[in-house]
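The values are calculated or read from the model by the stated rules, or taken from the named source; none is laboratory data. Keep in mind that this is a model prediction, so the values were computed, not measured. Cβ placement follows ideal geometry from the backbone for every residue including glycine, while neighbour counts extend to all protein chains displayed. Side chains included, ligands, DNA and RNA excluded: accessible areas come from the protein's heavy atoms. Shrake-Rupley method; radii C 1.70, N 1.55, O 1.52, S 1.80 Å.
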There are 2 protein chains.
Amino acid sequence: MSVQERKERERADRERLIVATARELAEQQGWDAVTTRRLAERIEYSQPVLYSHFRGKREIIGAVALQGAAELAVTLRAATSGAPAAEGPRARVSALAHAYLDFAGRHPAVYDAMFQLDGGLPFAHEDTPQPLKDGFAALLETLAEVAGDGVDPGLFTEVFWASLHGLATLTRAGRLPRAEAARRTELLVDRLAALPADA
Amino acid sequence: MSVQERKERERADRERLIVATARELAEQQGWDAVTTRRLAERIEYSQPVLYSHFRGKREIIGAVALQGAAELAVTLRAATSGAPAAEGPRARVSALAHAYLDFAGRHPAVYDAMFQLDGGLPFAHEDTPQPLKDGFAALLETLAEVAGDGVDPGLFTEVFWASLHGLATLTRAGRLPRAEAARRTELLVDRLAALPADA
DNA sequence: ACTCGATGCTAGCACCGCTAGACAACCGAG
DNA sequence: CTCGGTTGTCTAGCGGTGCTAGCATCGAGT
């Protein structure tokens with residue numbers, strides 16, 4: 001069955017190519033520029049090929065979103081584990097927040113695919129895809145220790161995440177001046193993180 | 001020049017009709033359903049008429065956004081002034097937050113026009129339209145008193161607004177379960193509002 | 001009463017997401 | 001080695017989008 005295996009491999013390769021190309025095009029020119037025609041041309045296949053891999057444009061966005069979620073989780077864990085342990089939770093939370101906003105700023109198209117556009121992915125649901133759950137888990141790990149007494153860590157993480165999301169989207173849409181983004185982040189961390197002992 | 005005045009009046013009426021119809025259609029079926037053809041049919045004119053009032057669809061969204069911003073400002077002021085003064089700033093901020101999120105939930109299309117879609121409006125800029133400035137001012141009035149010592153009230157308001165915006169958008173997009181929305185709001189208010197004296 | 005400019009219309013452009021149906025290339029069987 | 005059938009890809013096209021050119025009609029001012 002080597003022939004069939006080869007075909008499956010090639011097919012998987014092409015699927016990765018589609019997702020990577022869609023992402024690249026979106027980062028370069030925005031999601032509006034990601035049309036099935038342009039995407040097909042870039043991968044050097046005709047449009048219907050896209051539909052043999054994905055149900056439609058929405059699913060392609062969803063695939064980019066999943067990829068992005070996995071990367072975001074890695075990025076966040078790297079940022080928090082990189083912060084000096086001696087500096088306590090405050091430093092970890094700050095590193096987490098900055099890493100999150102940095103990711104959103106660096107990969108706006110991927111961020112949009114995850115949280116702004118409709119990728120057809122189920123959130124906050126039992127059958128939420130693993131990468132999305134894992135992204136949330138990466139936040140939870142660091143934020144749980146500053147949730148405060150009697151506060152559900154999950155709920156606290158949701159609130160913190162929402163706040164970061166608000167900063168990310170409003171800043172990128174030009175609703176908030178980019179200049180003082182860092183000060184806003186610090187202010188948010190100061191207020192939201194209930195500090196057990198130190199300041 | 002009564003003739004000309006009448007024409008101008010009729011023209012202004014028709015412009016209001018366009019905006020109101022666009023808003024209505026968006027609230028009923030979402031902004032995707034607001035196409036120039038459908039909109040033209042509803043106002044009982046042909047498509048090109050729309051373009052004699054607005055540069056394009058974007059400007060129509062912008063007009064809805066401005067209308068919404070004015071309403072939001074009124075709503076927020078009503079909510080904060082309605083809160084019993086005796087209960088202190090905490091109650092006012094809570095009322096403000098709930099009013100904001102309630103507005104976003106009640107008028108999702110208008111909220112999208114303001115903060116999610118591109119209406120071509122300049123934000124955080126000197127020539128930002130008055131209704132938008134006023135909406136921000138309505139937030140600032142109540143939030144300034146809980147910004148805390150040494151914290152720029154404007155910056156604090158931006159952070160608070162961003163957090164509310166994050167909750168609003170993530171909740172409405174199904175990214176956060178709607179069930180505990182109120183608890184999230186209270187948690188946010190508890191943490192962000194620096195309370196001068198009482199609890 | 002007639003001219004002429006303003007105004008709204010029909011028709012059409014280029015593009016969108018998506019799909020039906022024709023066609024070619026390849027595989028396994030005889 | 002040839003043939004039949006399946007698998008896969010392409011061309012062409014559908015109904016929709018935002019937007020615009022150019023014509024026809026209507027009404028105001030002389």
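Of note:
- The protein assembly as shown - charge dipole about Cα centre, Lys and Arg +1 at Cβ, Asp and Glu -1, debye rounded to 20: 1280 debye
- Pairwise label distance in nanometres, A:Ala91 with B:Val74, each label 7 Å out on the Cα-Cβ vector: 5.3 nm
- Listing of segment B:107-124 residues, each with accessible area lower by at least 10 Å² in the full protein assembly than in the chain alone (probe 1.4 Å): B:Phe115, B:Gln116, B:Leu117, B:Phe123, B:Ala124
- For chain A, averaging the sequence separation of C-alpha pairs within contact (under 8 Å, six or more residues apart) and dividing by the residue count gives a relative contact order of 21 percent.
- Highest GNM mean-square fluctuation among A:Gly174, A:Gly88, A:Gly68, for chain A modelled with Cα contacts below 10 Å: A:Gly174.
- Inter-centroid distance (Cα atoms) of segment B:118-138 relative to segment B:31-78, Å: 17 Å
- Helical segments meeting 15 Å axial Cα length and Kyte-Doolittle 0.5 threshold in chain B (DSSP H): B:57-82, B:153-172
- Within the accessible area of segment A:1-137 (1.4 Å probe), percent carbon and sulfur: 51 percent
- Dipole of chain A, positive direction: furthest Cα of A:Thr80, A:His107, A:Leu17, with charges on the beta-carbon: A:Leu17
- Point-charge dipole on Cβ atoms (K/R +1, D/E -1) for chain B, about Cα centre, debye to 20: 720 debye
- Where chain B is the region considered: accessible area per residue in Å², 1.4 Å probe: 49 Å²
- Here the protein assembly as shown yields Rg over Rh of 1.01, to two decimals, using C-alpha coordinates and the Kirkwood radius.
- Buried accessible surface for the B/A chain pair comes to about 3000 Å², total over both chains, computed with a 1.4 Å probe.
- With Cα atoms as the point set, the radius of gyration and Dmax of chain B evaluate to 19.4, 64 Å.
- Sparsely packed loop sites in segment B:1-79 (the GluC sites (Glu not before Pro) outside DSSP H, G, I, E and B with at most 12 other Cβ atoms within 10 Å) comprise B:Glu44.
- If a spin label sat at a point 7 angstrom from the Cα of A:Arg183 along the line to its beta carbon, the backbone N atoms of segment B:146-187 nearer than 13 Å would be those of B:150-159.
- Gyration tensor analysis over the Cα atoms of segment B:107-199 returns equivalent ellipsoid semi-axes of 24, 21, 9 Å (largest first, whole Å).
- Legend: residues in segment B:142-173 shielded by at least 30 square angstrom of accessible surface upon adding the remaining protein chains to the isolated chain (1.4 Å probe, heavy atoms) are B:Leu155, B:Glu158, B:Val159, B:Trp161, B:Ala162, B:Ser163, B:His165, B:Leu170.
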